[in-house]
Amino acid sequence: MTLVQLRHLISLAETGSFTQSAEVLCITQPALSRSVQALERELGQPLFDRIGRRSELTAFGQEVVQRARQLVFEADELVASGRLMSAGQTGAIRLGLGSGPSAILSVPLLRTMATRHPGLRLDIARGPVQQLVEGLRERRLDALVIDVRALAPAPDLRVSSVSEMRGAFLCRPEHPLTRWKGALRFAVVQQYPIASTPLSDEVARVLVERYGRGAHPASCVTLRSEDIPALVEVARASDAVLLAIRAAAPDFVELPMQPALNSMARFGVVTLAGRSEAPALPLVRKLVQEHLHD
């Protein structure tokens with residue numbers, strides 16, 4: 001039994017004429033007859049009574065047509081659902097966001113899905129990079145947007161859509177350091193609480209190279225959280241200095257460090273190599289390119 005046979009059956013039930021149904025279906029009348037006869041043989045009972053030039057459903061044929069309509073409807077719905085999913089209009093995507101991407105991307109991502117793709121289900125997970133990678137490998141997440149410098153190279157991980165954002169030491173506009181005269185050394189900044197997300201080994205290396213061993217995050221960061229917006233609010237209401245991507249707090253003052261920090265975050269989309277991507281992932285990549293840049 002095939003969907004083609006069921007469509008032939010439904011058409012013949014509606015017209016009662018092999019000639020008319022063959023024309024509607026764009027097949028020959030003998031081909032239609034063979035299709036219906038094959039279906040009758042498979043089901044073991046006649047589906048039509050031939051009365052003159054008309055074909056009328058038997059009692060069994062009426063039951064079969066009713067079920068056939070439901071099967072064909074469900075098949076058509078599956079095809080339509082697949083097309084919508086391919087276009088990113090339906091389905092689901094489970095996305096892991098690192099602290100930096102979460103601060104910049106969460107609101108645009110949620111707003112875009114709510115206003116332009118209301119049929120698409122979005123689940124966002126946040127956390128440390130290794131925890132997110134574990135979720136990806138266990139297929140609890142479809143993709144990650146993270147700082148790829150914190151990612152250990154692995155053959156099962158695929159990185160794409162990489163963009164860079166500048167890191168900086170930031171403070172509220174009324175902070176005492178905004179009135180500092182002369183070169184601003186790290187030792188001066190370190191007199192105040194330093195707030196940051198957990199930093200990668202690469203960032204730690206850059207800090208130590210620029211400012212000495214005391215600048216290692218394990219030593220100098222006194223306020224650590226994955227939640228950048230929370231750190232921004234703390235720095236806004238205190239003398240804490242925020243070490244983060246510049247775009248995380250656009251209204252803050254960037255401190256003119258000597259020497260300059262010159263560190264870039266490299267954000268990218270990470271998926272499992274060889275795994276079929278979620279159909280909505282191109283939408284995520286588009287938003288990454290639009291928002292994760294200076």
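If you keep only loop residues by DSSP, which trypsin sites (Lys or Arg not before Pro) in the range 1-68 have at most 15 other Cβ atoms within 10 Å of their Cβ?
Qualifying residues, ordered by number: Arg53.
Quick one: which residues, 5 or more positions from Leu157 or on another chain, have an amide H under 5 Å from its amide H? H modelled 1.01 Å from N in the peptide plane, none for Pro or chain starts.
Here the answer is Ala273, since their amide H atoms fall under 5 Å of that of Leu157.
Using θ = phi - 60° and the Karplus form 6.51 cos²θ - 1.76 cosθ + 1.60, what ³J(HN,Hα) does each residue of the range 275-286 get, whole Hz, x for Gly and Pro?
9, 4, 7, 4, x, 7, 4, x, 5, 5, 4, 4
How much net charge surrounds Leu287 when only other residues with a Cβ under 13 Å from its Cβ are counted (Lys, Arg +1; Asp, Glu -1)?
On the way: positive: Arg111, Arg116, Arg285, Lys286; negative: Glu290.
So the environment of Leu287 carries a net charge of +3.
Give me the three principal axis extents of the chain from the C-alpha atoms, as integers in angstrom, largest value leading.
That gives 105, 37, 26 Å along the principal axes, largest extent first.
Around Gly214, under 15 Å between beta carbons, what's the net of Lys plus Arg minus Asp minus Glu among the other residues?
+3
Largest first and in whole Å, give the semi-axes of the range 52-205's equivalent ellipsoid, each being the square root of 5 times a Cα gyration tensor eigenvalue. Don't skip to the answer; put the middle values down first.
Values: eigenvalues 656, 64, 24 Å².
Equivalent ellipsoid semi-axes, largest first: 57, 18, 11 Å.
Between the alpha-carbon centers of the range 264-294 and the range 89-111, tell me the distance in whole angstrom.
10
To one decimal place, what Kirkwood hydrodynamic radius in Å is obtained for the range 166-264 from all pairs of distinct Cα atoms?
Averaging 1/r across every pair of different Cα atoms and inverting gives 13.2 Å.
Just to be sure I understand: with springs between alpha-carbon atoms less than 10 Å apart, which residue in Asp49, Asp142, Asp156 has the highest mean-square fluctuation in the Gaussian network model of the chain?
Comparing Asp49, Asp142, Asp156 in the GNM, the peak value goes to Asp49.
Using square roots of five times the C-alpha gyration tensor eigenvalues, list the equivalent-ellipsoid semi-axes of the range 3-86 in whole Å, biggest first.
In descending order the semi-axes read 25, 15, 11 Å.
Let me check I've understood the local charge: for Leu242, count other residues with C-beta under 13 angstrom from its C-beta, Lys and Arg +1, Asp and Glu -1. What total comes out?
-1
Take Val107, Val64, Val206, Val234 and order them by how many other Cβ atoms sit within 10 Å, fewest up front.
Values: Val107 12, Val64 22, Val206 19, Val234 16.
Ascending Cβ contact count within 10 Å gives the list Val107, Val234, Val206, Val64.
Going by how many other Cβ atoms sit within 10 Å of their own, how do Lys286, Lys181 line up, fewest first?
On the way: Lys286 13, Lys181 5.
Neighbour counts put them in this order, fewest first: Lys181, Lys286.
Rank these for me by crowding, Ile27, Ile51, going from fewest to most other beta carbons within 10 Å.
Details: Ile27 16, Ile51 9.
Ranking Ile27, Ile51 by Cβ neighbours within 10 Å, fewest first, gives Ile51, Ile27.
Only the coordinates and a few stated rules stand behind these numbers; no lab work does. Fair warning: this is a prediction, and the values are worked out from it, not measured in the lab. Glycine also receives a Cβ, built like all others from the backbone with ideal geometry; neighbour counts cover every protein chain displayed.
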